[in-house]
Structures are given as structure tokens and as C-alpha cells.
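Asker: This is the structure, below, for whatever I ask next.
The values are calculated or read from the model by the stated rules, or taken from the named source; none is laboratory data. Just so it is clear, the model here is predicted, and its values are computed rather than measured. Here Cβ is always computed from backbone atoms with ideal geometry, including for glycine, and neighbour counts include all displayed protein chains. Just so you know, the surface numbers come from the protein's heavy atoms only, side chains and all, with ligands and any DNA or RNA stripped out. Shrake-Rupley method; radii C 1.70, N 1.55, O 1.52, S 1.80 Å.
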Amino acid sequence: SMVLLGHKNGFPVFDVDWTRNGRTLLSAGGDGTVRLWDTQAVGPYGKLSNVMQQKSGPIGNTSKHAGGATATSLNTVMVPGDKPEPMVEIGGAALAVYQGHAPSTPVWSVSSAPCGYYFASAGSDYTARIWATDRCTPIRILSGHISPSVNCVAWHPNCNYVVTASDDKTCRMWDVQTGRCVRLLSGSTRGLNLVRVSPSGRYLAGAGYDNVVRMWDLGNGRMVNEFRASSPHDSSAFCDGLIQSMAFSTCGAALAVAREDC
């Protein structure tokens, strides 16, 4: 395993996304920044000291090592002469810190463009932003939501658009070149916390705090379907658990939804 350390002030990391090359990783944090990491480079971040794996001894047995580190045994096999091994690899150099969202506001979501080089972020300052990996300031500011919390951002497969979901009960599609909103997708009764675009680029799925997944046709902006998950105990009732994740199948024929239990 690897630990990437660098976000400040103990705030949570809310989202991560791999870039196209499969080596670098983007993270969005409560400290108001997006960070880019090289997961294969050795650098100043990623080293977690005083966490060791002791191969010998029974489960739950602890022993002391130099510097006061405590090691917890993870194995029941006694291996004479074995030395403790670190459970966390040293690596994961921090390449860049991207600051541009309003100070002291969290960045909820980050998404790397399918073409690489660009990425998008969404924060609690009414905006989403477009960035290039070689610039530490945003190249587009997508402003138009009327609620401060823009909860999720995702790219259209053609890389010309990004979509966002907000507490203002709307999803929006933005032109990356101009920064303008080209589709306003309404119909939700409560705020929306997730958004995904189908692999074909034709449909957008948005999940709301009302526990309903709505589907819009991006060609005309019209809502074409609603999906409501009923309770397994009562077919006429609806679950109250928040929808936590969504993913289209590769062919786009199915949409998987993960939610809290009823």
C-alpha cells in the first residue's frame, strides 16, 4: 500500500481520479486544493513512519522497535531472525498544488479529461473549474449554479463539455472552450450529489438527495426517465438511504447504483 500525504490542516480528501497515463493521480481536498501525485516517484510525501509489519509472533502481539515504534503482528508463523517490514511504501511525490477555488472552501470533486492534460474540479464556492496540469491556476471558471455547493463534476466523452451537479436542484453542461452553460437540466425535487455521462455521450444520469436517479437526453435537455429504488420490505415504499455512487456499463446499456441500506 501507499499513503500520499500533503493536504493541509487535517481536512478530508473527498475525491480522487487517475489521469490518462495511469501513473499520476489527482486528489480533491477539504483544504481547498487539488493535488497531482506521481505514484511511481520517490519523494517527500508518502512515507508513513513507525508503522511496521512483524512476521513472527501470534496475532495481536505487539513489540517495540527502535524509536519507540509499535509493531503489531499480522502472522502466526514464527520465523526466526525475521526483521520488521514497512507496511507502506515510500513514494508518491507531490508534483503540483492547484489553488483557485475560494479560500477556506472544500473541493468536492475532481475529474481527469479522457484526452489527458486537462481536468475539472467542483467546489463549495458556486463554481466548477477547468485546469491544465502544467498550470497552477484555472483556465476556465464555470459559474452559474445558484447554490454554493457544486457537488460533482464529470467529463463528456468527447472532451468538449463537462457536466456538474449542484444543491440548486440542477445539472448543467458546460462548453469547455467558452465556459458557458449550454444545457440546464432540471426536474429534481432536491439537490443533486452525483452526475455521470453515458459512454455514447447522449445521456446524463443525475442522483439526488430525494434518492431518485434521473436521466436526461443531452441532445435536447429533456428528462427521459426516473429510477426509484423501492424497499425490499415494502414494494410501495421508497428507500431513504443516500445514493453514494453510480457507474454506466462500458456499452452504456446499464447503470449501476450504490446506496445506503434501507
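Asker: Using +1 on the beta carbon of Lys and Arg, -1 on that of Asp and Glu, and nothing else charged, what's the dipole of the stretch 122-238 about the Cα centre, debye to 20?
Answerer: Using Cβ point charges on Lys, Arg, Asp and Glu, the stretch 122-238 gives about 260 debye.
Asker: Around Gly32, which amide H atoms from residues at least 5 apart in sequence, or from another chain, sit under 5 Å from its own amide H, with H modelled in the peptide plane?
Answerer: Residues meeting the amide H criterion: Val107.
Asker: I've got another one for you. For the stretch 111-132 and the stretch 175-226, what is the separation of their Cα centres, given in Å?
Answerer: With the stretch 111-132 and the stretch 175-226 each reduced to a Cα centre, they are spaced 17 Å.
Asker: Right, next: Could you order Trp174, Trp108, Trp155 by accessible surface area, starting with the largest, using a probe radius of 1.4 Å?
Answerer: Final ranking, largest accessible area leading: Trp108, Trp155, Trp174.
Asker: Ok, one more. Where Lys and Arg each count +1 and Asp and Glu each count -1, what net charge lies around Ser104 among other residues with Cβ under 11 Å from its Cβ? Numbers along the way, then the final one.
Answerer: Details: positive: none; negative: Asp31, Asp125.
Taking every other residue near Ser104 into account, the sum is -2.
Asker: Another question, then. Can you give the local net charge around Ala122? Use residues other than it whose beta-carbon is closer than 10 angstrom to its beta-carbon, Lys and Arg +1, Asp and Glu -1. Please report the intermediate quantities before stating the final value.
Answerer: Working: positive: Arg129; negative: Asp15, Asp125.
In short, -1.
Asker: Can you work out the PRE-style zone for Leu242? Point 7 Å along Cα to Cβ, and I want the residues of the stretch 203-225 with backbone N under 18 Å.
Answerer: 206-214
Asker: Let me ask you something else. With a ≥ b ≥ c the root eigenvalues of the C-alpha gyration tensor of the stretch 133-220, is it rounded (a/c under 1.5), prolate (a/b larger than b/c) or oblate?
Answerer: Because a/c hits 1.5 or more and a/b fails to exceed b/c, the stretch 133-220 counts as oblate.
Asker: Apply the Karplus curve 6.51 cos²θ - 1.76 cosθ + 1.60, θ = phi - 60°, to the phi angles in the stretch 129-134 and return the couplings in whole Hz, x for Gly and Pro.
Answerer: Calculated HN-Hα couplings, in order: 9, 9, 10, 10, 5, 9 Hz.
Asker: Determine ³J(HN,Hα), in whole Hz, for all residues of the stretch 176-181 in sequence, where each value follows from phi through the Karplus function 6.51 cos²θ - 1.76 cosθ + 1.60 and θ = phi - 60°; x replaces Gly and Pro.
Answerer: Computed from phi, the couplings for the stretch 176-181 are 5, 5, 9, x, 8, 7 Hz.
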